[in-house]
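The values are calculated or read from the model by the stated rules, or taken from the named source; none is laboratory data. Given the structure is predicted, the values throughout are model-derived calculations rather than measurements. Every residue, glycine as well, gets a Cβ built from its backbone with ideal geometry; the counts of neighbours run over all protein chains shown. What goes into the accessible areas is simple: the full protein's heavy atoms, side chains included, and nothing from ligands, DNA or RNA. Shrake-Rupley method; radii C 1.70, N 1.55, O 1.52, S 1.80 Å.
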Amino acid sequence: MKHLHIPAISLLLLVLACTKDKSNYDYSEKENIEIKGVLDNYSVITLKDTLRINPELTSNKDTDMEYRWGLYKGQVGVMDTISYTKNLSHPVKESAGNYILVFYTRNKKTGVIKTKQSGLSVNTRFTRGWYIAKDDGADSDLDLFLTPNNILAEEKLENIYSTVNGSKLAGNITNLSFLSAYYTYDNGPLERTRTLMVSTDKDINAIGIGRLNLIRNKQTLFLGDIPEMGAPNAVILGSSAYYGLAKGQLYSISTNSLNSGLFGSKTRRNSSNADYSLSLFNSSSDATNPVFFDNTSSTFVTLVNAGSTLTEFSDAAGTKMPARNNNKQVLFMALKYIEYQPAPKYSFISKGYGVLQDKTNPSLKILSYLEQDESSLKITNDTIQPSSKLFNATQYALLYEDENMLYFSTDNQIYSRNLNNGFEQLQYAVPAGEEVTFIRHHTYTSEAAYAFNFVIVGTRKNDQYIIRMFKKSSGNLESTPYQVLQGKGIARGLLYIAPSVREDTYPNSF
Amino acid sequence: MKSGIFSITICCLFAAVAISCKQDQYYLFNHKARLQFGPPLNPPGTSYPTFMDTLKSATFYYYDNSKMVDTVYFDIYTIGKPASKDRKYTLQVYELPGVENAIAGQHYVAFDDASVKDLYVIKPDSVHARVPVIIKRTPELKNKSLSLGIRVKEDENFELGESSKLWRKLQFTDRLSRPDAWDEFASQYYWGPYSVAKHQYMINVTGFRWDNQYMDELSDEQVRYYRSFFQTSLIEYNKAHPDAPLKDEYGEPINFL
């Protein structure tokens, strides 16, 4: 019996053990193709530059190479072949955006393939520089100061919007903001479009950075009827929405769901659709519920998840003033910083400041510290003494994520107020004859060569604007501006735009 | 000796098992063609709920008085190879319980009517056809809805397909009626419960038809827009009519969630 088991099992193993031999008996040296002379990243200007790359190839085998250069828009999609030669000389005509450049080479004798990928940033002359939003008291336009090498302007493209589009924007500037993920059909398919939102008292204009073309205005920016326009018109970044403010009425685009960049129905004040009028000034961020102020009811309100009805803030413990019906109006408000709350909240809270004036007693003005946590608000007040410079301020800029200081202008002089101790200090004596038209604090850190942290003061002298950009030292302005930009018109705001600028780069666009 | 035979038998069985494995053949459908209803013809990969389009509704409400007939289409599919010639198929009507059923000739054109019978064919080299159901506008439709049950019938060209896909239902009227797009999902998340009064209000305040095609083509952001628009509009209406807030035909206050 045992004698029979052994051959039977052996036979079975033999049957099962046979497999087709697929081994590789080619013992020759593996081909190694090396590509040199192709950088990891390129940056070009469309309709101006020619992309020239002369790669060097080495191989340890006899070669008969074939080549191909291709472009991908974004991370996926079909490769657009732009050349079949080894040396690339490609006049750039692609639209502005980020591409992946692929160099593909194949040894026809061995079949071995080698590829090299590079990032390609296609820009226009319009994708980098200082944008100035200005008006002449009737119509608006944009000036662009080009910055090819660093943050210092080297060339001015005056009235560049009307030069490109053939006409100016109707009305006077009320707000300038930038959205980097705003959806449009500007290049055909629905896609994110880097867009300047230029708001005037007569219109809201979406202007594509790539070609500086008018993508949408009030005629096409809203679902349904065209809202009534009038100051304050503005577009504001929120945590789950873009907010459109048209004559103080709020509209929103939910960015949590698919959208085509159109604002929806007017947000209701409450369940009875009461009248309201939101201030332009707000404390909004891309991570928290916005803090708006309804000047009609003197109530701090927010909008949760781009809903259809405003929510009144509730009073947080320890608040010194009710968030609702407090008989105030807002003269200024801005975001100071946001802060992440770890477990169990896993959410952001925001801190901001506001300058409020009592409706009954206009001589009562307060500086309010606003601590927002979802839909509750803690308000801590500091009465502004009539003797203080802040009492008669007309322009303001809160330093965002920086020294705890508020800059403002009174009698066309630039002052600072230390928000810890109330100390006020003259920071810059504006030359006689100039009127301050705006103050901003903007910081940009994405590119070392272009990084800046400026307090920016815009003034008007007759029909000219003068914009001075100051570096700070311990919160105080350096004695002379780092850069001065000048042009025709009344400048109301500015933004530094570059490929790395995102919509959350400058939270306070006023 | 017995144990030797047993061992050899076992070995043979093992060997047979070891060498008997091979890839299964693919079996092609070689039977008589079959026929069943299905979803609208759309690009491959488009997914549909199983019972989508099993019930359709139609109304003459939106048309002027000169329109006396209308055509509602279902989609039908064959199983099996396409043919090189026209293949007629046969439909039959079945009685739907609990509703008023349409009468052939009076309320719709019968499928075997000489004027339409040639429409019920699968064209050469095709596996799909749109099934026309021609309904007639009669005065009684101003006051009621009629129903029509349709079922595939086996004939000389086709056997029956899947049993759950052999039927379709049609409901038609000359009144404002619930569009197919206002389904349970739309009721739960967009527009609230359907009522003719609410439907009429939506038409009145927007000037749009709000029929099935219109509602079916609304994007998500348009749906969000109109829901908020109707909410606001209704608030204003009720403020303007404090003693007569808008109610539906059942006496319930109208709301849009």
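Side notes on the structure shown:
- Spin-label model, B:Asp155/B:Ser66: points 7 Å from Cα along the beta carbon direction are separated by 3.5 nm.
- With DNA, RNA and ligands ignored, accessible area of B:Phe185 (1.4 Å probe; Å², nearest 10): 110 Å²
- Surface composition of the protein assembly as shown: carbon and sulfur make up 51 percent of the accessible area, probe 1.4 Å.
- The mean number of partner chain beta-carbon atoms within 10 angstrom of a residue's beta-carbon across peptide A:255-262 is 2.
- Orientation-averaged projection of segment A:318-438 equals 8.6 nm² [convex hull of Cα atoms, one quarter of hull surface area].
- Shape analysis of segment B:34-173 places it in the prolate category; the axes a ≥ b ≥ c from the Cα gyration tensor give an a/c of at least 1.5, with a/b above b/c.
- Accessible area (Å², per residue) of chain A, counting only protein heavy atoms and a probe of 1.4 Å: 45 Å²
- Neighbouring Cβ atoms from other chains, within 10 Å of the Cβ of residues in A:128-139, number 0 on average.
- With the helix formula -39500 (n - 2.57) applied to DSSP H stretches of n ≥ 4, the protein assembly as shown reaches a computed 222 nm mean residue ellipticity of -3000 deg cm²/dmol.
- Violating pairs (Cα-Cα greater than 27 angstrom) within the set A:Lys218/B:Lys239; B:Lys117/B:Lys169; A:Lys266/A:Lys389; B:Lys56/B:Lys144: A:Lys218/B:Lys239; A:Lys266/A:Lys389
- Nearby aspartates and glutamates by direct alpha-carbon distance to A:Lys109 (threshold 18 angstrom, same-chain neighbours under 8 apart not counted): A:Asp26, A:Glu29, A:Glu31, A:Glu34, A:Asp62, A:Asp64, A:Glu66
- Approximate spin-label separation B:Arg130-A:Lys109, in nm, with each point projected 7 Å along Cα-to-Cβ: 6.2 nm
- Taken along its principal axes, the alpha carbon cloud of segment A:164-263 reaches lengths of 31, 31, 22 Å, longest axis first.
- Rounded, prolate or oblate (a/c below 1.5 giving rounded, otherwise prolate when a/b exceeds b/c) for the protein assembly as shown by Cα gyration tensor: oblate
- Of A:Lys168/A:Lys336; B:Lys136/B:Lys165; A:Lys156/A:Lys336; A:Lys48/A:Lys471; A:Lys202/A:Lys336; A:Lys73/A:Lys134, pairs whose Cα-Cα distance is over 28 Å: A:Lys168/A:Lys336; A:Lys156/A:Lys336; A:Lys48/A:Lys471; A:Lys202/A:Lys336; A:Lys73/A:Lys134
- Per residue of peptide A:273-279, the mean number of Cβ atoms on other chains within 10 Å of the residue Cβ is 1.
- Taking Cα atoms only, the orientation of helix A:2-17 departs from the longest principal axis of chain A by about 60 degrees.
- The accessible area of B:Glu140, taken with all protein chains in place and a 1.4 Å probe, comes to roughly 50 Å².
- For segment B:180-257 versus segment B:54-133, the inter-centroid distance based on Cα atoms is 32 Å.
- Between segment A:38-80 and segment A:250-268, the Cα center-to-center distance that results, in Å: 41 Å
- Size descriptor, Kirkwood hydrodynamic radius, that averages inverse alpha-carbon separations across segment A:33-123, Å: 13.6 Å
- A:Lys114 contributes about 80 Å² of solvent-accessible surface, heavy atoms of the protein only, 1.4 Å probe.
- Working ranking of peptides A:139-147, A:192-200 by packing, defined as the average number of other Cβ atoms within 10 Å per residue, highest first, is A:192-200, A:139-147.
- Cα centroid separation - segment A:309-331 against segment A:150-189, whole Å: 36 Å
- The Cα atoms of segment B:136-195 define a convex hull whose projected area, averaged across directions, is 6.3 nm².
- Peptides A:313-323, A:47-57 ordered by average Cβ neighbours within 10 Å, highest first: A:313-323, A:47-57
- Burial here means at least 40 square angstrom less accessible surface with every protein chain in place than with the chain by itself, probed at 1.4 Å; in segment B:214-255 the buried residues are B:Glu221, B:Arg224, B:Tyr225, B:Ser228, B:Thr232, B:Ile235.
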